[in-house]
Amino acid sequence: MTKHHRQSMRAWIADREAEGDLVRVGESVDPVHEIAAYLIEQDGGSPLLFEAVARHEEPVTGNHLTTRARAAAALGVSVDDLQGKLIDAVRYPLAPFRVEQAPCQEVVIENPDLKLLPIPTFFEHETGPYISAGAIVARDTATGRGNLSIARLKPLGGNRAFIGIAPNHHLAVLARAAKERGERLEIAVTLGNHPAVMLAACFYLGLGDDEMEVAGALLGEPLETVRCHGVDLAVPAHCEIVLEGVLDPDETVEEGPVSEFHGMYERYGAGYVVTFSSMTRRSDAIFQCVLPGYGAEHILLGAEAIAAGLARSLRGPVSSLREVAVTAGGAGRLHAVVSLDQPRPGAARKAIFAIWGAVNLIKQVTVVDGDVDPWDPVAVEHAVANRMDPARDLIVVPGVQADRAEPMEKDGVISKLGIDATIHHGDRADWTKASPPQNVLDRVRQRLS
Ligand code: MN
């Protein structure tokens, strides 16, 4: 077996296989709905590699980061250290290292027809197939600073695609700024990336902070990049496929119903069009997808990035902060849990308002003490059951401006819920946990191990 470069998706897949954590699907699968059905049936389980995709030569892979344990494994840390690793990567980014030759440029195709790629059609009422794992490189030509982000792309025939970006998405901001200067924004959609690149692309950083440098910090070494074939950008050298083109904010097209993280369809209306001038790829490229909608990987990618970003922004104002979780039940976007170490009176409420102020999508915030794992839904509910008095500890704020993806948004607003499940001074006289004596527990534990 050939040794894969450690910054490649192939190295990650080989690691998973060595751990017995990869499922190869050998039977022929149709990219229309069938790949999505496999990904849904196996969601939360091992990554999948579809070796025989109908009408295409390329294998397809998906369901990579469906658990926190896999995300931690991808970054070489324990689950307990995952949030710290993500925060440190944002704090201490590493500039990329330019290489002259790259596997992602073995083959060059001009004016590529997107039909050539095994792009899955995921859901029944979406209007076509979607590229869902594209980590998109762009650069602000005024400042020279790069940007890396994930957005969905729907082929429109030939070398054109619809791109799904919200108006405040950095890519949309850069496209409008380029237009004001009389330019068109060049982009490079990279497919088949190492999980570190995927996680880095999900961070909400400041405009001008390059997520590619965060990817390097997550890898523990500068990300190797190569100059694109036809556009003035550099892309991860060890990815599988690169689509080079321009994003034109003058041209818009209506999208139709599209799945969202909460699991239902949204109708966002019109969006921008991308035209691809070339495609470069490995000769034996593997096509990567992320199951969209309420899929575990889609949920986790958002949750980890949002949680780490929140933990970073709360550290100053809330000195007792221990960790922030963004829950799977809350679709990785809507519910946060904050753990505080021995919070002072009112610190829980302050944390709730700080979270709402930092990320508008978060609707419900639960605050627990430092002895409760915020990522464990049973432990959090147990804290709510034991330490929360509804009349005293619930905060409801009506009429707050809503994100467009909020499932219960009405007339542009939503209400917010804060739950303080921390122990308050004077709550109970006795918090002693019922248990056999510690020395007996220790003796039995020793005997069992
Ligand atoms: Mn950005």
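We did not get these values from a lab; they are worked out from the coordinates using the rules stated. Predicted model, so just to flag it, every value in this text is computed and none were measured. We place every Cβ from the backbone using ideal geometry, glycine too, and count neighbours over all the protein chains shown.
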task: Taking just the C-alpha trace of region 21-127, give me its Rg and Dmax in Å.
output: 17.8, 46
Cβ-Cβ FRET estimate between V396 and Y92, R0 fixed at 56 Å, reported to 0.05: 0.90
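S277 to T127: FRET efficiency via 1/(1 + (r/R0)^6), r the Cβ-Cβ distance, R0 25 Å, to the nearest 0.05?
Working: r = 25 Å, r/R0 = 1.00.
Here the calculated transfer efficiency is 0.50.
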- request: Have a look at the DSSP beta bridges in the chain and tell me what percent are antiparallel, nearest 5.
  value: 75
message: Using only the alpha-carbon atoms, how far is helix 296-314 inclined from the longest principal axis of the chain? Give it as 0 to 90 degrees, nearest 10.
response: 60
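So if each residue of separation counts as 0.36 nm, and I subtract the Cα-Cα distance between L156 and A18, what length gain in nm does that give? Could the numbers behind the result be given before it?
On the way: separation 138, 0.36 × 138 = 49.68 nm, distance 3.93 nm.
Going from the current span to full extension adds 45.8 nm.
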statement: So the angle from the long Cα axis of helix 438-448 to the longest Cα principal axis of the chain, reported in degrees to the nearest 10, equals 40
field: Highest-MSF residue in the chain out of E381, E180, E323 [GNM, Cα springs under 10 Å]
entry: E180
task: Please build a GNM for the chain, connecting alpha carbons under 10 Å apart, and tell me which residue among P236, P103, P436 fluctuates the most.
output: P436
Cα extents of region 315-421 along the three principal axes, largest first (Å): 39, 28, 27
message: Kirkwood hydrodynamic radius, computed over distinct alpha-carbon pairs, for the chain: how many Å, to one decimal?
response: 23.2
field: Order of K416, K154, K410 - criterion: other Cβ atoms within 10 Å of each residue's Cβ, fewest first
entry: K410, K416, K154
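Work out the FRET efficiency for L448 and N386 from their Cβ-Cβ distance, taking R0 = 35 Å, and round it to the nearest 0.05. Before the final figure, lay out the partial values.
On the way: r = 28 Å, r/R0 = 0.79.
Plugging the Cβ-Cβ distance into 1/(1 + (r/R0)^6) gives 0.80.
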- line: In degrees rounded to 10, the 0-90 angle between helix 347-358 Cα long axis and the longest Cα principal axis of the chain is 20
statement: In whole Hz, the Karplus estimates of ³J(HN,Hα) for region 48-58 (6.51, -1.76, 1.60; θ = phi - 60°; x where Gly or Pro) are 10, 10, 8, 8, 10, 9, 4, 6, 9, 8, 6
message: Cβ neighbours within 10 Å, averaged per peptide: list 425-434, 384-393, 80-89 in order, most packed at the top.
response: 80-89, 384-393, 425-434
- line: When the chain is treated as a Gaussian network with springs between alpha carbons less than 10 Å apart, the largest mean-square fluctuation among G230, G134, G26 is found at G26
- request: Sort all Cα-Cα distances of region 362-434 into consecutive 10 angstrom bins from zero, then give the percent of pairs in each bin up to the one containing the longest distance.
  value: 18, 39, 29, 11, 3, 0
